[in-house]
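These notes concern the structure reproduced below.
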Number of protein chains: 2
Amino acid sequence: MAGAPERPGEFELIARYFAPIAGAGGLGLVDDAGLLRPARGYETVVTTDALVAGVHFFADDPAASIARKALAVNLSDLAAKGARPEGFVLSLALPHGWTEAWLADFAQGLARIAGEGACPLIGGDTVSTPGPLILSITAFGSVPAGRMVPRSGARPGDVILVSGTIGDGALGLQAHGFSAHGLSAHGSGKPGWVARVSEEHRHFLADRYLHPQPRLALAAALQLHASAAMDVSDGLVGDLAKLLKASKAGAEIDLDTVPLSAAARAAIMADPALAELAWTGGDDYEILCTASEREYLSLIVAAEAAGIALVAIGRVTDQGAVNYREKGRARSFAQGSFAHF
Amino acid sequence: MAGAPERPGEFELIARYFAPIAGAGGLGLVDDAGLLRPARGYETVVTTDALVAGVHFFADDPAASIARKALAVNLSDLAAKGARPEGFVLSLALPHGWTEAWLADFAQGLARIAGEGACPLIGGDTVSTPGPLILSITAFGSVPAGRMVPRSGARPGDVILVSGTIGDGALGLQAHGFSAHGLSAHGSGKPGWVARVSEEHRHFLADRYLHPQPRLALAAALQLHASAAMDVSDGLVGDLAKLLKASKAGAEIDLDTVPLSAAARAAIMADPALAELAWTGGDDYEILCTASEREYLSLIVAAEAAGIALVAIGRVTDQGAVNYREKGRARSFAQGSFAHF
């Protein structure tokens, strides 16, 4: 630490930046453990996601955005499982060059998303690493016992639906990389398109990549009406394959019904090859779910009441494969899923 | 990944190495989440600890030992809180050079400690990092509601006790670094002592550092009889200061009663300055606890029935300070705690 700027120690750091985000179960963050107390008849859903600087976000992204994303991707998993957030623990590996200003910004972003999600901090660990920043969050939610929405519940005949719009995250990564970092491309897209869409669309897409909105308002509706669900984090095509594999089923998908934002449509207009990126790229954090013929309209109505659009994009089949159709023709995908690993 | 050896993808890796360690709550590790179902009247204790290669262990330590330690330090926290292990999630950031043989060894070590602790894997995330290996584990235990043993419960007049022997971890780090890595010293100790104790003692100490034994068998006794507890991970002196700060109390400690192993005594005989390292160095993973005058004998007896020695080392006072005495004289410590951060 010789020559390093004067910085608070771990305990001071916790007291100053993290204790204000702590919930009752965090016990003031002065104990070795936090507590989860599910209400009678409820159980705890646990999900964990790690993010690495340079892999899942740019190291020089705003600290508040990094914090927001790290919790948002976990809240997105809870939403998909039909769970109400109850708390989270943060494991933070800080690279040697961290500053107190960075940490203050980080804590402010974390406090904001924790407040929005009603998901308080209940514990954590902070360590120093010679490598890149790594954040690992484990988040907890509650569901009535036995009512977590699984990946494995899709049945032949069920309707397949997605929330919001698909593809903004992957397009947004290109737009953000282009605007903030002067990068020419990430993945398969040609970067030229970024300069050919409006600044408003570029900004919309970059924001969708930087600041995913977990669909927490959908959790109750999913828990009541969905047969299976997961969040779309690694691309619609790849994640649908995972859901169907867990459900031992296949699907017919009409790609023309996959909802796209105006900005994504403008990007695809500028470069038609981007349609594939929209369907297969990661970072959407929308909900992919299935519901029976009897339940799916109730699900759509309940989602609408919660302010979230759910659109039917296909049907579950008893075949092993997923058949995609676009403009009346069969379409297949070479690479189904965006892999961070 | 060009030129890299052929290695399994994330999903194959999970199925091959981690699914066999999964408990029922892990849902086969094919969903986005795991489940915790505390029994009626119980609540969930949550603890999290991150370990960084080169900081908390040597990068070339055996993979099975690294895995064991990562879970053991979390189980140690659960034991201190009086909790029975229920499961854990693992967040694994693998450096670019990982091999399947390394991972197989890692999973085998993890399976063994998970089995010993009856603490199954219920979820996780695996990511790739250009930096060092980082493991973050969040572990869950159950206690009857309201009965978690806090740090903050020590009251003036309570007896202060520690389990097992103190100082082996910090001495073992030197012994292990000397034997396995040819390092001359970590911390303040002179390395000469390592060559002046028997190979048996060196091996004992190195093993205590590499393979901490979480005191799970003590959990039930602590939950029944202790007023406060924490595990000794950052050194007895520093951790006692934390417990007393949380309890708003002070203490009188007789250092001559702090239990030392035969190997630690041999090391201190070889270099008397090591006594300070034993009292202040990290990695003991013993239990530091307090119990009232009425309860402490019951606690010692219950611990003995569980096969663990608990020794009284002092008393809680209503003063703000901790007064240490050694051979009848007052003693103070310049640096109380070993800080990884």
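Hey, among A:26, A:123, which residue is outside any strand (DSSP E or B), within 25 Å of residue B:39 (Cα to Cα) and modelled with pLDDT under 95?
The unique qualifying residue is A:26.
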Reported set for segment B:41-62 where residues are part of a loop (DSSP other than H, G, I, E, B) and at the interface with chain A (Cβ under 7 Å from one of its Cβ atoms) is B:54, B:55
If we ask which residues in segment B:20-40 are at the interface with chain A (Cβ under 7 Å from one of its Cβ atoms) and in contact with a Cys (Cβ under 9 Å, 6 or more places away or on another chain), their number turns out to be 0
Restricted to segment B:10-30 and to residues being in contact with a Ser or Thr (Cβ under 9 Å, 6 or more places away or on another chain) and more than 15 Å from residue A:150 (Cβ to Cβ), the residue surrounded by the fewest Cβ atoms within 10 Å (Cβ to Cβ) is B:10
Matching residues in segment B:143-165 (of a type in the set (Gly, Ala, Ser), surrounded by 22 or more Cβ atoms within 10 Å (Cβ to Cβ) and either within 12 Å of another protein chain (Cβ to nearest Cβ) or part of a loop (DSSP other than H, G, I, E, B) (or both)) number 1
Practice problem: Could you tell me whether residue A:79 is away from every other protein chain (no Cβ under 12 Å), in contact (Cβ under 8 Å) with a residue 12 or more places away in the chain, over 22 Å from residue B:94 (Cα atoms) and outside any loop (DSSP other than H, G, I, E, B)? | Solution: no
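Is it true that residue A:97 is more than 21 Å from the chain's Cα centre (by Cα) and more than 7 Å from chain B (Cβ to nearest Cβ)?
In short, yes.
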Filtering segment A:243-271 for residues that are more than 16 Å from residue A:161 (Cβ to Cβ), under 21 Å from the mean Cα position of the chain (by Cα), part of a helix (DSSP H, G or I) and touching a residue at least 40 places away in the same chain (Cβ under 8 Å) leaves a count of 4
When every residue in segment B:195-220 that is farther than 17 Å from residue B:139 by Cβ and not in a helix (DSSP H, G or I) is compared, the one nearest to the chain's Cα centre (by Cα) is B:211
Just one listed residue, out of A:129, A:138, is within 14 Å of chain B (Cβ to nearest Cβ), within 18 Å of the chain's Cα centre (by Cα) and polar (S, T, N, Q), and it is A:138
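The values are calculated or read from the model by the stated rules, or taken from the named source; none is laboratory data. Everything quoted here is computed from the prediction, not taken from an experiment. No Cβ is skipped: glycine too gets one built from the backbone with ideal geometry, and neighbour counts run over all protein chains shown.
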